[in-house]
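One structure is given here, and the rest of the page talks about it.
Read-outs throughout are calculated quantities, based only on the coordinates presented, and are distinct from any laboratory measurement. Please read all numbers here as calculations on a predicted model, not as lab measurements. Cβ placement follows ideal geometry from the backbone for every residue including glycine, while neighbour counts extend to all protein chains displayed.
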């Protein structure tokens, strides 16, 4: 398996360098050469083809083929078009994008420039989550540098291509990671998802064609242009290739972001890269793809970390954020905390998400506090089923951590109910 | 900042030509208010509404939608303690209760001297440094309970 | 349009491109439950109760947002669908306050009906009910957020359909609730059209005038036509034991041309019938004083006084056809004037060019591609007409073009093109358009006009003339110009929106004169108020003055005989409205009836009175008449929406949201003082003003809630003009 091969650092190639966020360091390490190549040697169609060839799939969570998205946007004739980077990294336990734009912001800017060139976009926005003020300063500084060096603005590198880029700060709303909600927020509205279709590529910001790509996705672009889509498609899992950033947190010895080929087994990431479980305790459960993924038990962690494999295992890759619980952690408590998060972040537009998250919080809290009954578990599963019919992905997935915990750790829920208290409660 | 100065700042913001239509300046304008006023009051919203030609209620809708905007008076320093899963597993809740004990407030409350507002907050993307705390724009990771007084003193805590 | 087949629940249904599955199902008699969907609103897809199963789709889909596609196979009643639906309804009901016994909506509540039919059989909810306890009270509307199901119909109605965006949603998730800015309807600029209340599926948005007043299932429901203006809106009047409880539009169900949309007057002005200013008995002047008399006595006096005398007839134009015909029979048609004189002038001009004064029904605009709207302040005078024009763009994709003087909040945001010009240039501007329609190579030298012309070419065009046009000194000339223009476009239908409910009948039945030309012996004023309907006009010297009026108007003190009559809510009959013959119906008892009184009067020999003199035909557009000298402004005196037809004066409901009396001036025309002295001819008015940059330079708008004596005197000699009046302002 390709995943076993020790891989050179690609996405994180610059992050350990001193002052990696400055344009000088970036240029010294071959930065903006891909942009030069794209602009001078390739037509926009060539760029789209190269990205399609690479097989790159969006790293935001849905895994949509990036080349295809660009092709749709390029085909739309409405003007102006907008290129938006989704840097609203709000999924709990996800901090991979932060590493890129804080440590290597020019890779992101270069990726956006190439994407904008390929799709014919004139203006760009980086929708940055409000909780990243440091990232904002770094990005604004980097954008300033890029303007100074002529990588942004009018007639970039002496070509006809012009592109202006701005940072737009969110203000604390997880839902804005959903691309249409992000666009609404960019338009100065409540971040609530829109009906799809039409999709943003045809009717996005101000109902103009808008490409929305995740930070990590865009950081791949300079690599693909530099070394070719064919090379890229050889990394990792064949049907969703490339390097992948896996943020690991929770009860591991070395929490952090690990760059590994797509499809690296979950167990390898936890035990080899993240150093195993703290105090060498037993692993209890893993949320393998962020807070909205279904939980995996200790028996299920040999799964390759890619879109199809995790889907087959009944969960999802999502943002690739791995959250590890050990034997001393209460799964009911964990599920409660996650569903509380989704209740807080539900925009309130649709019934299943708005009401379902609240009901689940109340049900799980009652169980955690020892006031639950066995029928509550059936109600939880039934409410989860209703939530599948939510308006957007937030509601469709919000119940996953709770429902999967009930399914896989039913005994532990029953123990709470029988004891009338949480067996893990300290004190 | 006075409301008149704020209005001037919003006008400058509009001149930046960052967005092709006025309404898109709403979040930046509210950010400016968030940073310069103890609260985004209805008076502030009225200014934003006039300057950006956005109906009043749409300004209030947006100000009340986003978790980082305060429409009620906040302290000079907003301390956000993450208690989402990764931080919870590593003691985030204990950090929160210790902070509340030190400052003698409940989560969401502001100290009587108007210096600190303590908020239980959702994930801030600092999970590799759990438990994490931010004070306005400064961030603190791998926070231990015993270092909390020291952190607070940096911001003028006299306790 | 090419139709195609869709299979819903095994039934082959015909569908058209762009239609949603829900619309196709509805048309084919297949019921899919809905909450957030409303046929007058843009689909939201938020409540998730209209979920259906689509062959080939892994998830259930909301029928309200799903576009029908050829050969789509849809199932609306499978076990999976029923379970999902019940699940959603269960979620809505969990925290819904169960106060049906005291809720005004009970009995016509969509949640009640859909809940019973499609909801879960029993509740599994063990948690304490979540209470928001946020009740927002406006003057006429109340929002009880614990009853709200957050379907957002109200917000879409208010923000999109009405273009007003008073209501919004505050907070997010399960804590979200509906409110105007700062909980204040008035500051938010609510027009109180009541459409939010109408479309609320539950008892969250309440009509405060109806709160706790009665139950929907036991009231008498009578469809009638609102006669407060010329929009001719069909409205349901609900009463119990002969007492009116509320007016309801029933948006989306109402089959009138207004489709259930109402304005503040139609929705809340019904309580004029209970006004404490209602006249309860006839009055006769005896020895200089008015004394109460019996109706029989009044009739006797009336017969005596009018016998053999020539009548000066002052007609207000909200009367029914039957009443007007009777009036014509007993008082004659030749020596009459009316508040519709300006409208009459417009049609006279129109007739001179067209050879007929017949204009088209409002619904004819839906056959056109482009609708040219000529006139200003339609949203004040005929509010619902302005809403319908806006919706013609939003819902039916019509191209709306405006010719006028002042910006319009309702229409400009949806207008394809607009020519807002100085009031003196209206006719010349229209003439450019005429030339552009005749000669495809014509250039006016003005890019805006040329663009306007271009957007009409090859399009089927209808014209809507409304608002202040009929109160302009140029009304007749504009009539000629519009008639001439309409003959030079494809389609060319012309809708003249009457200012008052039955202006059309009045101008067709009576040969209207200017009040100064009246030469009779006895004044008869029917339904009118001089200051309001004939500002600046004094009753001619006469032997005797008779007043037919529902209210104690200021004119009562000058009358010799006053006979009470009913208001329109107490009438049966018809009117010739903007969309054809409209029915006026009631179940209310009344003490006095104009028609009955008139029936007891002798019919005059009307045979001598010719129906209509031949008008001289012309074959050219009208001529510009308006001029303005340096230092002069063109004044428009405008009744506020609430004050039109004195509704806010007699209706307590509407009085609560009445507008202000203020002069609006362009900042550049405004003096430094706080007050100004406004001069028109010999008239003067001292008034406070506000700078308003939406008022074009060289124009002034005097907004009044009521035409009081000072305003009327100030306008001496101007009748029938209320717009385009040359005036001067001086600091005061």
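At-a-glance table
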read-out: Residues of the range C:289-318 with amide N under 12 Å of a point placed 7 Å along Cα→Cβ from residue C:603; value: none
read-out: The range B:1-55, Cα convex hull volume normalised per residue, Å³; value: 66
read-out: Relative contact order for chain A, counting Cα pairs under 8 Å that sit 6 or more residues apart, in percent; value: 16
read-out: Alpha carbon centroid spacing (whole Å) that separates the range C:609-682 from the range C:463-534; value: 15
read-out: Distance between modelled label sites at residue A:36 and residue C:213, nm, 7 Å Cα→Cβ extension; value: 7.9
read-out: Rounded Å value of the spacing that divides the Cα centres of the range C:298-361 and the range B:59-97; value: 72
read-out: Reciprocal mean inverse distance between Cα atoms of the protein assembly as shown - Kirkwood radius, Å; value: 34.7
read-out: Translational diffusion of the range A:331-419, µm² s⁻¹ [Kirkwood Rh, Cα pairs; Stokes-Einstein; 37 °C; 0.692 mPa s]; value: 263
read-out: DSSP beta bridge pairing in the range B:77-154, given as percent antiparallel to the nearest 5; value: 55
read-out: Spacing of the two label points (7 Å from each Cα toward its C-beta) at residue C:422 and residue B:14, in nm; value: 2.8
read-out: Euclidean distance of C-alpha centroids, the range C:14-88 and the range A:373-419, integer Å; value: 27
read-out: For chain B, calculated [θ]222 nm from helices alone, where every DSSP H run of n ≥ 4 adds -39500 (n - 2.57); value: -12500 deg cm²/dmol
read-out: Pairwise FRET efficiency - residue B:72 versus residue B:2, Cβ, R0 = 22 Å, nearest 0.05; value: 0.60
read-out: Residue with peak Gaussian network fluctuation, chain A [Cα springs, cutoff 10 Å], from A:212, A:379, A:252; value: A:379
read-out: Gain on full stretching of the segment that runs from residue C:697 to residue C:395 - 0.36 nm per residue minus C-alpha separation; value: 105.3 nm
read-out: Shape of the range A:124-165, Cα gyration tensor, a/c cut at 1.5; value: oblate
read-out: Dimensionless Rg over Rh [chain A; C-alpha; Kirkwood]; value: 0.99
read-out: Estimated distance in nm for a label pair at residue C:16 and residue C:538, the labels positioned 7 Å out from Cα along Cα-to-Cβ; value: 6.1
read-out: Principal-axis tilt of helix C:383-394 within chain C, Cα atoms, nearest 10 degrees; value: 50
read-out: Computed [θ] at 222 nm, deg cm²/dmol, chain C (DSSP H ≥ 4; -39,500 (n - 2.57); rounded to nearest 500); value: -6000 deg cm²/dmol
read-out: Computed E for residue C:517/residue C:661 - FRET, C-beta separation, R0 30 angstrom, nearest 0.05; value: 0.45
read-out: MRE, 222 nm, helices only [DSSP H, n ≥ 4, -39500 (n - 2.57), over chain A, to nearest 500]; value: -12500 deg cm²/dmol
read-out: Over the range B:18-146 - Rg/Rh using Cα atoms and the Kirkwood inverse-distance radius; value: 1.05
read-out: FRET efficiency, residue A:46 to residue A:297 (Cβ-Cβ, R0 60 Å, nearest 0.05); value: 0.80
read-out: Share of pairwise Cα separations in the range A:73-192, more than 19 Å, in percent; value: 47
read-out: Whole-number Å³ per residue for the convex hull built on Cα positions in the range C:633-731; value: 92
read-out: Theoretical gain in end-to-end length, residue C:490 to residue C:4 [0.36 nm per residue, Cα-Cα removed]; value: 171.9 nm
read-out: Degrees separating the helix C:79-94 axis from the principal Cα axis of chain C, which is the longest one; value: 60
read-out: At q = 0.26 Å⁻¹, base-10 log of I(q)/I(0) for the range C:403-474 (Debye sum, equal scatterers on each alpha carbon); value: -1.42
